[in-house]
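Take a look at the structure below.
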Amino acid sequence: MKVLMIARSTHFSAPGGDSTQIEMTAKYLRELGVEVDLKLSNQAIAYEDYDLLHFFNIIRPDDILPHAQATAVPFVISTIFVDYSEYERKCRTGPLRVLNMVLNRDQLEYAKALARAVKNGDAIKSRYFLLHGQRKSVQHLASRAAMLLPNSHHEYQRLTAAYQVDKRYQKVVNAIDPSLFGEGVVANPAFEGHVLCVGRIEGLKNQLNLIQAVLGTSLQLTIVGKPAPNHMAYYEQCQRLAQNAPNVQFIPHMDHRTLAGLYKAAKVHVLPSWFETTGLSSLEAGALGCNLVVTRKGDTEEYFGDMAYYCEPDDVESIRGALLQAHTEPVNARLKDHIFSHYTWQDTAAQTLAAYQQVLNP
């Protein structure tokens with residue numbers, strides 16, 4: 001079996017959670033004997049060399065449509081269907097706030113694609129997308145796909161509700177790499193008992209309210225991550241708020257092996273985001289013994305059930321209360337076992353291969 005994974009054109013220049021998902025899925029599929037290549041959406045492709053195409057991010061249909069329409073090779077889509085609409089409505093300021101009051105979600109995504117074309121030179125690639133817009137493009141791709149591969153059942157349900165999609169699907173989980181976040185990790189004593197927040201610094205991830213939540217407490221907060229390129233003003237707000245807070249520190253970047261030592265030492269990992277499909281850093285931290293504080297918005301409850309502490313992103317007291325409870329109570333041993341039993345990249349690869357086989361051998 002020879003499969004081509006096609007990633008967004010900025011896969012390498014602006015890596016994110018989807019980048020990790022693609023690369024780790026490919027790595028462990030190869031261990032199962034699948035021949036996997038990776039190309040970017042703006043590269044030329046010899047489709048006839050492959051049995052199956054695998055796309056990612058259905059909310060960026062303009063990256064997928066030119067390829068899906070150029071060949072009869074069957075394809076699947078890892079939908080990675082996120083919903084940032086509440087954040088966009090409540091937190092945006094200036095012209096973006098006005099746009100979010102005037103446009104619906106699909107109109108806004110279409111406008112963003114046009115803006116990327118004008119501002120960043122990321123040209124519109126599909127005539128279908130240009131003529132029909134975001135909504136019809138997503139529906140068209142979902143109907144054409146041989147199978148959809150959401151990260152959770154809840155993600156598929158959200159997609160169905162939003163676009164009236166009725167398509168065969170296979171849940172394919174987000175996961176951890178046990179070779180990095182498993183046995184043998186040595187705790188970094190400098191971060192013993194800390195609260196960690198690992199992720200891009202941006203409004204969606206909600207670090208500003210998190211900093212406010214730890215002010216005046218004895219909690220030691222370490223934020224690990226770089227500011228998102230278009231969120232420098234937000235990053236500067238976070239820095240200013242933390243200037244007089246000796247219990248808050250920022251670390252801009254850390255490789256995974258070093259980061260594992262922080263997870264191992266810390267008591268709590270927190271993602272008080274406005275939306276999370278899961279949060280890869282939550283899985284990694286939970287695997288190394290952190291209690292988890294997470295948003296309810298998104299798909300987190302399907303992954304963590306009653307083994308996490310939940311907070312509301314727009315409520316500083318809710319974040320503070322969840323943090324204090326998670327920091328005070330014993331580490332939840334069930335969580336670690338649950339993650340290693342259900343959420344490793346080997347599990348992801350096996351689920352993906354099962355989907356491939358259903359498509360190619362109906």
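The values are calculated or read from the model by the stated rules, or taken from the named source; none is laboratory data. Predicted model only: the values in this text are computed from it and were never measured. FYI the Cβ positions are ideal-geometry reconstructions off the backbone, even for glycines, and counts take in every protein chain you see.
Before moving on, here are some points about what is shown:
- For TYR28, the test of being crowded, with 20+ Cβ neighbours inside 10 Å, part of a helix (DSSP H, G or I) and at pLDDT below 95 is failed.
- Residue match in the stretch 287-303 (condition: modelled with pLDDT under 95, surrounded by 19 or more Cβ atoms within 10 Å (Cβ to Cβ) and not in a strand (DSSP E or B)): no
- Unmet requirement for MET232, which otherwise passes all of (1) touching a strand residue (DSSP E or B) at 6+ places or on another chain (Cβ under 7 Å); (2) farther than 30 Å from ASP347 by Cα: (1)
- Hits in the stretch 105-123 - residues which are among the aliphatic types (A, V, I, L, M), under 23 Å from the mean Cα position of the chain (by Cα) and under 16 Å from THR10 (Cα atoms): ALA113, ALA115
- Once the stretch 66-114 is narrowed to residues that are part of a loop (DSSP other than H, G, I, E, B) and of a type in the set (Ser, Thr, Tyr), the residue that is nearest to ASP49 (Cα to Cα) is THR71.
- Looking across the stretch 103-134, the residues that are surrounded by 13 or more Cβ atoms within 10 Å (Cβ to Cβ) and among the small types (Gly, Ala, Ser) come down to ALA111, ALA113, ALA117, SER126, GLY133.
- Picking from residues in the stretch 23-41 that are within 18 Å of ALA68 (Cβ to Cβ) and free of Cβ contacts under 8 Å to residues at least 40 places away in the same chain, the one that is farthest from the chain's Cα centre (by Cα) is ASP37.
- Here TYR235 clears all of (1) of a type outside the set (Gly, Ala, Ser); (2) surrounded by 18 or more Cβ atoms within 10 Å (Cβ to Cβ); (3) not in a helix (DSSP H, G or I) except the condition numbered (3).
- One residue stands out among those in the stretch 324-356 that are assigned to a helix (DSSP H, G or I) and without any contact (Cβ under 8 Å) to a residue 24 or more places away in the chain: the one that is surrounded by the most Cβ atoms within 10 Å (Cβ to Cβ), which is GLN325.
- Every pair of residues 6+ apart whose Cβ atoms lie under 9 Å, when the first sits in the stretch 237-255 and is farther than 18 Å from ALA266 by Cβ while the second is β-branched (Val, Ile, Thr) and part of a loop (DSSP other than H, G, I, E, B): none
- Filter result (over 16 Å from the mean Cα position of the chain (by Cα), among the small types (Gly, Ala, Ser) and surrounded by 19 or more Cβ atoms within 10 Å (Cβ to Cβ)) within the stretch 54-102: ALA68
- Selected residue [in the same structural domain as LEU40 (by TED's automatic domain parsing), out of contact with any Leu (no Cβ under 7 Å at 6 or more places or on another chain) and assigned to a loop (DSSP other than H, G, I, E, B)] from LYS136, LYS167, LYS171: LYS171
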